[in-house]
1. Identify the single condition in (1) modelled with pLDDT of 90 or more; (2) open to solvent by 50 Å² or more (accessible area, probe 1.4 Å) that Asn115 does not satisfy, given that it satisfies every other one.
2. Could you list, in sequence order, the residues of segment 132-151 that are closer than 21 Å to Gly226 by Cβ, of a type outside the set (S, T, N, Q) and modelled with pLDDT under 85?
3. Just a yes or no: is a residue in segment 185-196 polar (S, T, N, Q) and under 25 Å from the mean Cα position of the chain (by Cα)?
4. Look at Ser73 and say whether it is at pLDDT 75 or above and not aliphatic (A, V, I, L, M).
5. With the condition kept exactly as written, say whether any residue in segment 181-188 is assigned to a strand (DSSP E or B) and within 26 Å of Glu118 (Cβ to Cβ).
6. Regarding segment 34-51, can at least one residue be identified that is open to solvent by 70 Å² or more (accessible area, probe 1.4 Å), part of a helix (DSSP H, G or I), modelled with pLDDT under 75 and not aromatic (Phe, Trp, Tyr)?
7. Can you confirm whether segment 217-226 contains a residue that is open to solvent by 90 Å² or more (accessible area, probe 1.4 Å), among the charged types (D, E, K, R) and over 18 Å from Asp163 (Cα atoms)?
8. Test Lys165 against the stated conditions and say whether it is within 23 Å of Thr234 (Cα to Cα), open to solvent by less than 70 Å² (accessible area, probe 1.4 Å) and at pLDDT below 90.
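The values are calculated or read from the model by the stated rules, or taken from the named source; none is laboratory data. Not measured: the values here are computed from a predicted model. Positions of Cβ are backbone-derived with ideal geometry, glycine not excepted, and every protein chain shown enters the neighbour counts. The area values use the complete protein model at the heavy-atom level, side chains included, leaving out ligands, DNA and RNA. Shrake-Rupley method; radii C 1.70, N 1.55, O 1.52, S 1.80 Å.
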Amino acid sequence: MEERRSRRQLEQYVGGPLQGELKHLQNETISLKTNYQKLVSDNVNLKNKLSRLENETGSKDELFQFEQKLNDSRDATERHIQQVKTYVDNISQNYSSIINGISSNVANMTQQQDNDREMVGLQACGGFMVKHYIVDSYYSEKMKFSKVINSYGFQNTSALQNDGKFICEKPGLYLFIVTLMSKDSNSRFNIVLHDTAGKFHFLAKVQIAPVYKSSSTIDMYHSGTGSAVIQLNTNDTMYIEPKDIRHTYTNMNCISVMKLR
């Protein structure tokens, strides 16, 4: 639709302002031809009159005046020709700039439409924990999902499978849906963005199991599901950070990622 709108704008410009400018240029060209023909006629008349004067009177003053008029007419015509030429050059440059700009916009919109139509998404399960040391006294646990069920448009899923990190390959708006299962009291997890500027963003905090008040509920598994919608740039990293999870049902831990646009 954007491409058709741009094409309509181009057609409106070609049929409107540009057509008017070309019509004006045509009129100027006709006027120039008329003036040139008149100049040729005047030149012939002046030469004839000059010849008669030379034959009849031989007046040098009149001959000089006629010669001056002839030179003035020639100079005026040359100036007018230069003005028309400059006008035509400006129109040509403006027209070329407009065509190039519209062509560039159409190409960009076509590329954006191709990107929007491309399917990008994955589903992976089998989550278990791996520790990543950030500084000497702090570490971040990540859930890694070793079994990729489906993958569309991704070149490399090994970081998610081995390190628990989803690394953005294609910028855009993404939807993340995560489900973890655990039987541990107060078990929970965070959906975290680590952007290319080095900043951490906690996008969602999800409770899996409540705080148990009696031992009779210890063996009861619970599941928690969280989601996040986030605009990602190339090489932004998303990961799942578990909290107080020691026992987890691996096959029930899954993540789904979809590029919305």
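1. (1) is the only condition that Asn115 fails.
2. Correct list: His132, Glu141.
3. Within segment 185-196 (the criterion being polar (S, T, N, Q) and under 25 Å from the mean Cα position of the chain (by Cα)), the answer is yes, since at least one residue qualifies.
4. Against the criterion (at pLDDT 75 or above and not aliphatic (A, V, I, L, M)), Ser73 qualifies.
5. The answer is no; no qualifying residue exists.
6. No, there is no match, as no residue in segment 34-51 is open to solvent by 70 Å² or more (accessible area, probe 1.4 Å), part of a helix (DSSP H, G or I), modelled with pLDDT under 75 and not aromatic (Phe, Trp, Tyr).
7. yes
8. no
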